[in-house]
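A.B. asks: Could you have a look at this structure, given as structure tokens, before my questions?
The values are calculated or read from the model by the stated rules, or taken from the named source; none is laboratory data. As the structure is a prediction and not an experimental result, all values here were calculated from the model. A quick note on method: Cβ atoms are made from the backbone with ideal geometry, for glycine too, and the neighbour counts reach across all protein chains shown. SASA here: full protein model, heavy atoms, side chains in, ligands and nucleic acids out. Shrake-Rupley method; radii C 1.70, N 1.55, O 1.52, S 1.80 Å.
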Amino acid sequence: MIHPHTELKFISAEVGYGVVATQFIPAGTITWVLDKLDREFSPADFQALEPIYQNILDTYTFRNNQGNLVLCWDNGRFVNHSFNSNCLTTAYDFEIAIRDIQPGEQLTDDYGYLNIPYPFRGYDEGTRRKTVYPDDLLKYYKVWDNKIKKVFPRILKLDQPLKPVLNAQSWDLINKIVEGEREMDSILKNYFDAKEE
């Protein structure tokens, strides 16, 4: 489920639609949670579908660490890629704002941690990285972990509209990590090695 203070908006002909903040979303806010309405498709499920459905899944899903395709039921499927994303996924089936997001600003992910099957050239943002590769998670997980660690303690200090869709175990884990009773798991835990398929 995507953060409620967002809306779907047409960005440009090149980018298409994107998810835009309707209110200020401070760093440390949970911006998306894998919830009970999101649907998971195994590779066999995907192969059994007609091409029209396969095209939809190719466009709007990400792969989890099991190699299954996850289709978000709401506008979460429209979050666009950025090499300088303002949101990052965690190892706990939720994403977090790693910096303040202003009203009217897009919520963005780095598709490098979404286990994409093929490389693609991203929109040129003036960054050193120009292409997203299937193994980017192996290359950049330490950088992404550090960005998450900087804002993770803020989770407990902020209003979290998505807290009701987090399971109790996840909330308990967040508390233990913030209190220093447990280490935060690396984003690397999300990696799926397609070579093992």
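A.B. asks: Any residue at all in the range 184-194 that is modelled with pLDDT of 95 or more, under 24 Å from Asp74 (Cβ atoms), out of contact with any helix residue (DSSP H, G or I) (no Cβ under 8 Å at 6 or more places or on another chain) and among the β-branched types (Val, Ile, Thr)?
C.D. replies: There is no residue in the range 184-194 that is modelled with pLDDT of 95 or more, under 24 Å from Asp74 (Cβ atoms), out of contact with any helix residue (DSSP H, G or I) (no Cβ under 8 Å at 6 or more places or on another chain) and among the β-branched types (Val, Ile, Thr).
A.B. asks: Just give me the residues in the range 52-85 being under 26 Å from Leu8 (Cα atoms), of a type outside the set (Lys, Arg) and open to solvent by 60 Å² or more (accessible area, probe 1.4 Å), in sequence order.
C.D. replies: Ile52, Tyr53, Asn55, Ile56, Asp58, Thr59, Tyr60, Trp73, Asn84
A.B. asks: Please pick out the residue among Phe10, Phe46 that is more than 16 Å from Glu95 (Cβ to Cβ) and open to solvent by less than 50 Å² (accessible area, probe 1.4 Å).
C.D. replies: On the way: Phe10 fails: open to solvent by less than 50 Å² (accessible area, probe 1.4 Å).
Unique residue meeting the criteria: Phe46.
A.B. asks: Out of all the residues in the range 179-191, is one or more in a helix (DSSP H, G or I), hydrophobic (A, V, I, L, M, F, W, C) and more than 28 Å from Asp58 (Cβ to Cβ)? Lay out the reasoning, then the answer.
C.D. replies: Of the residues in the range 179-191, the ones in a helix (DSSP H, G or I) are 187-190.
Going one step further and asking which of them are hydrophobic (A, V, I, L, M, F, W, C), we end up with 187-188.
Restricting the remaining residues to those that are more than 28 Å from Asp58 (Cβ to Cβ) gives none.
Scanning the range 179-191, I find no residue that is in a helix (DSSP H, G or I), hydrophobic (A, V, I, L, M, F, W, C) and more than 28 Å from Asp58 (Cβ to Cβ), so the answer is no.
A.B. asks: Another question, if that's okay. Could you tell me which residue of the range 86-124 is most open to solvent (accessible area, probe 1.4 Å), considering only residues that are within 16 Å of Ile187 (Cβ to Cβ) and charged (D, E, K, R)?
C.D. replies: Asp93
A.B. asks: Run Phe41 past the list (1) open to solvent by less than 80 Å² (accessible area, probe 1.4 Å); (2) within 26 Å of Ile25 (Cβ to Cβ); (3) not basic (Lys, Arg) and report the number of the one that doesn't hold.
C.D. replies: Failing condition for Phe41: (2).
A.B. asks: Test Ile96 against the stated conditions and say whether it is farther than 28 Å from Leu8 by Cα, in contact (Cβ under 8 Å) with a residue 24 or more places away in the chain and not charged (D, E, K, R).
C.D. replies: no
A.B. asks: Still on this model: Need pairs with beta-carbon distance below 8 Å; first residue of a type outside the set (A, V, I, L, M) and within the range 36-65, second at pLDDT below 95 and open to solvent by 90 Å² or more (accessible area, probe 1.4 Å); sequence gap 6+ or separate chains.
C.D. replies: From residues that are of a type outside the set (A, V, I, L, M), the pairs are Pro43/Glu197.
A.B. asks: Look at the range 2-13 and say how many of its residues are outside any strand (DSSP E or B) and within 12 Å of Gly104 (Cβ to Cβ).
C.D. replies: Of the residues in the range 2-13, 1 are outside any strand (DSSP E or B) and within 12 Å of Gly104 (Cβ to Cβ).
A.B. asks: I would also like to ask the following. May I ask you to list the residues in the range 145-168 that are surrounded by fewer than 12 Cβ atoms within 10 Å (Cβ to Cβ) and at pLDDT below 95?
C.D. replies: Selection gives Ala168 alone.
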